[in-house]
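The values are calculated or read from the model by the stated rules, or taken from the named source; none is laboratory data. If you're wondering where the values come from, they're calculated on a predicted model, not measured in any experiment. Counting neighbours? That spans all protein chains shown, and the Cβs are built from the backbone with ideal geometry, glycine included.
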Amino acid sequence: MTSTPAPVVITGIGMATPLGHSFATVADALLAGLSGVGRYDAGTFGRPQEYPAATVSDIPAPPPTLTSLDDASFRNLSRLEQLAISPAAWACADAGLHEATIDLSPDRIGVVAGIGAEQLKHWEQDYLAGSRDVFAPAARPTLVQRLAATLRLTGPTTTVAAACASSGYALGMARSWLQAGWVDACVVGGCDILSPTALAAFHNLRALSRRDDAPESASRPFDRDRDGFVMGEGGVFFVLERAADAKRRKQRCYGEVAGVGMTSDASHMVSPCSDPAQASRAITQAILDAGLTPDSIDYVNAHAAGTPVGDAAEAAAIGRALHDAAERVPVSSTKSMSGHLISAAAAFEAVACLAAIDRGAVPPTINLDTPDESCPLNHVAHHARPARVDVAASNSFGFGGANLCLVLRRAA
Amino acid sequence: MVPVMLLDPTASGAPTGACTIRGAAVVTARLSEVTTLARQPAPAGGPTIPPRFLRHADEQTVVGLHAVLQLLAAAGGEPPDLSRDAVIGASCRAGQPTAARTMVGLEQQGTVGVTPHVVPQCSLHSLASAVSVALGMHGPNIGVAGGPQAASEGLLAAATLAPTLPSSAHLWLVVTGWDLQPELESDGTAGNDPTCRSLAFCLQPAEAHRHQPTTVPTLQITPGASPTCTPTETAELPLWELCERLNQGRETTLACGLGLQATLRPGENGFGLPAFTARREAA
């Protein structure tokens, strides 16, 4: 006899992003069409180097009851550590994971972090600070191990990387652990920081927008005049639980992680794939995994980062996966407001989907002045559109051909 | 016959954590040999890869992809259809030499001194992506770990992903690392010549509710490592030591946190690894 895997729901959210540090604040910002993009100086060794970018200011310290870190200790952590520990701790607090009434063993709580290039970021920050760990690295635990230790969690941990889809793959991994019964709760998300090396590498690849003089309008997914993406930073973490457990302890459910689709283009290590076949297959897989049809989708949060090839390929993939429903389903790219949070992007965009479900409105693609003819979608341009959203799909694609689609559903 | 225990057999349709190991291979290369290995064609009898495909690749990607190629060549026969396969790359501190050269380039030349390949070729996903792109695998490609628990995290990720694949698909798990981490001079050139090592597994999910024959090696995830159930090995078992244990056909259990453990159980021919020297070099 085959039974249906247990539904998995989101019961806690924590974040530190260019658009705010709480679900309510970020939902407000997204629906108001605010931009988190500004001018950022990534200069090193006395050379200024400005880019349009989305930065996080005033990363909140974690709630004092959840970690052994006092404020000063927290401020001494690396920026990447801060963007992991703060959101993860706030997600745990939101889910009430550490309350005395919760009978949940730390051995049964997992931690999954989507972080694409932790070592590179560590070596870079260390080098810029005058140290030279990169020449002879010392053994050190990974960030996810340090995160789990800080939160006093002793269940399974792992770091997951699929480039710009990393935190989406992390959500898929955590969901599978819960459905397998390997854990009873999972802290999962992703984080990334702006780094001079990454900005330079993407700049040299000509992947970044060159609208240095107008940063707020530089991120313009699906627009005819898009010229590349705008990098951002942030950390977004969730607590996932089986729906039955969440219901038993009367915990708020932001939504269900109802479906996951994962494929690879197997095309090129760097260049986006212009063939939409595998991206489309990921969307279809996620919809089927949720037990739904394309007609059930109320909103698509597109990966669309603002690159000429990538946006057009995604539009074709959405059209192919949704068939006739593509004309009806509203699509937007919240990267127009948040910038591209790289490893944290998929988690942040899952938040955008939850905001749409919670607020009954679809966040817009700002800066979409002239929709590109090669991206024929039902765009939500400039302003949020009121709509009941019960099911939202969120696409994330990355270097190396990683394609991911998450389907998020209003919790029953 | 000893049945393979499936975790939570009532939860059919969800991952059970049991996989059959269809093959395994180990490739090692000294740091000084990696560039030559990257230029070598794939072993005879297996699929080919595009010339110069690995010219920008990280050392761990080079040895990792070659382990997969060796495994495919050893299988022989008709060229396999890999299009539905998936790959997990579990590396440990990959990208270090390129990162060092990039830092030196950034300091000396500014932005123009940064290679555009550093992010796509030296990130945690790079190994899995390279295998996927080189061999046309359209299943998921995922990087995991990044630190000393690469084998443990890789096995757990493989057991998580395998049950979600089509029954005809294989999951390739490639674990890589340095026996000793490279020591680099201040200009980024090598000051030692350590061994870069890869261990590749070809896995298939075990069918739920079916006992696996003991003739084939298996991977399984089971609850364990609670205060009363300690795994036989740490989660940070060095890769060279794991290779040596598998070479000797020894059952090996790695902790995955305190709540789970991953067990590699040999079949009647051990793990099917050809004889090789796994000994760690002296520090």
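Which residues, counting only those in the stretch A:184-214, are in contact (Cβ under 8 Å) with a residue 60 or more places away in the chain, in contact with a Pro (Cβ under 8 Å, 6 or more places away or on another chain) and facing chain B (nearest Cβ under 7 Å)? Passing the criteria: only A:L205. Of the residues making up the stretch A:139-155, those that are at the interface with chain B (Cβ under 8 Å from one of its Cβ atoms) and touching a helix residue (DSSP H, G or I) at 6+ places or on another chain (Cβ under 6 Å) are A:T154, A:G155. Within the stretch A:285-296, can one find any residue that is touching a residue at least 60 places away in the same chain (Cβ under 8 Å), assigned by TED's automatic domain parsing to the domain that holds A:A345, over 30 Å from A:A6 (Cα atoms) and out of contact with any Leu (no Cβ under 8 Å at 6 or more places or on another chain)? Checked against the condition, which is being touching a residue at least 60 places away in the same chain (Cβ under 8 Å), assigned by TED's automatic domain parsing to the domain that holds A:A345, over 30 Å from A:A6 (Cα atoms) and out of contact with any Leu (no Cβ under 8 Å at 6 or more places or on another chain), the stretch A:285-296 yields no hits at all. Only one of the listed residues (B:A150, B:A100) is in contact (Cβ under 8 Å) with a residue 24 or more places away in the chain, within 10 Å of another protein chain (Cβ to nearest Cβ), under 26 Å from A:I342 (Cβ atoms) and in contact with a Cys (Cβ under 6 Å, 6 or more places away or on another chain). That residue is B:A150.
So that you can scan it fast, the table gives a plain yes or no per residue for (1) closer than 30 Å to A:M337 by Cβ; (2) more than 14 Å from chain B (Cβ to nearest Cβ); (3) in a loop (DSSP other than H, G, I, E, B):
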residue	(1), (2), (3)
A:S57	yes, yes, yes
A:F74	yes, yes, no
A:L77	yes, yes, yes
A:A84	yes, no, no
A:P87	yes, yes, no
A:D94	yes, yes, no
A:H98	no, yes, yes
A:A113	yes, no, no
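Inspect all residues belonging to the stretch A:278-289 and state whether any of them is hydroxyl-bearing (S, T, Y) and surrounded by 23 or more Cβ atoms within 10 Å (Cβ to Cβ). Yes: the stretch A:278-289 contains one or more residues that are hydroxyl-bearing (S, T, Y) and surrounded by 23 or more Cβ atoms within 10 Å (Cβ to Cβ). Restricting the stretch B:77-133 to residues that are surrounded by fewer than 24 Cβ atoms within 10 Å (Cβ to Cβ) and small (G, A, S) leaves a set whose member that is nearest to the chain's Cα centre (by Cα) is B:S83. The residue that is surrounded by the fewest Cβ atoms within 10 Å (Cβ to Cβ), counting only those in the stretch A:31-83 that are of a type in the set (F, W, Y) and touching a Leu at 6+ places or on another chain (Cβ under 7 Å), is A:Y40. Remark: pairs (first residue in the stretch A:141-164, over 11 Å from A:P106 (Cβ atoms) and touching a residue at least 60 places away in the same chain (Cβ under 8 Å); second residue aliphatic (A, V, I, L, M) and part of a helix (DSSP H, G or I); Cβ separation under 7 Å; 6+ apart in sequence or on different chains) = A:L143/A:L80; A:L143/A:A84; A:L147/A:A84; A:L147/A:I85; A:L147/A:A88; A:T150/A:I85; A:C164/A:I342; A:C164/A:A345. The set of residues in the stretch A:297-332 that are over 18 Å from A:L406 (Cα atoms) and of a type in the set (V, I, T) comprises A:T307, A:V309.
Of the candidates B:T228, B:T176, B:T222, the single residue that is modelled with pLDDT under 95, within 14 Å of another protein chain (Cβ to nearest Cβ) and assigned to a strand (DSSP E or B) is B:T222. All of A:T25, A:T67 fail the test of being under 29 Å from A:P106 (Cβ atoms) and either touching a strand residue (DSSP E or B) at 6+ places or on another chain (Cβ under 8 Å) or in the same structural domain as A:K247 (by TED's automatic domain parsing) (or both), apart from A:T67. Among the residues of the stretch B:113-153, those that are assigned to a helix (DSSP H, G or I), among the small types (G, A, S), in contact with a Ser or Thr (Cβ under 7 Å, 6 or more places away or on another chain) and farther than 18 Å from A:D192 by Cβ comprise B:A130, B:S132, B:A150. Note on the stretch A:2-39: among residues that are in contact with a Pro (Cβ under 7 Å, 6 or more places away or on another chain) and within 15 Å of A:V230 (Cα to Cα), the one that is farthest from the other protein chains (Cβ to nearest Cβ) is A:G36.
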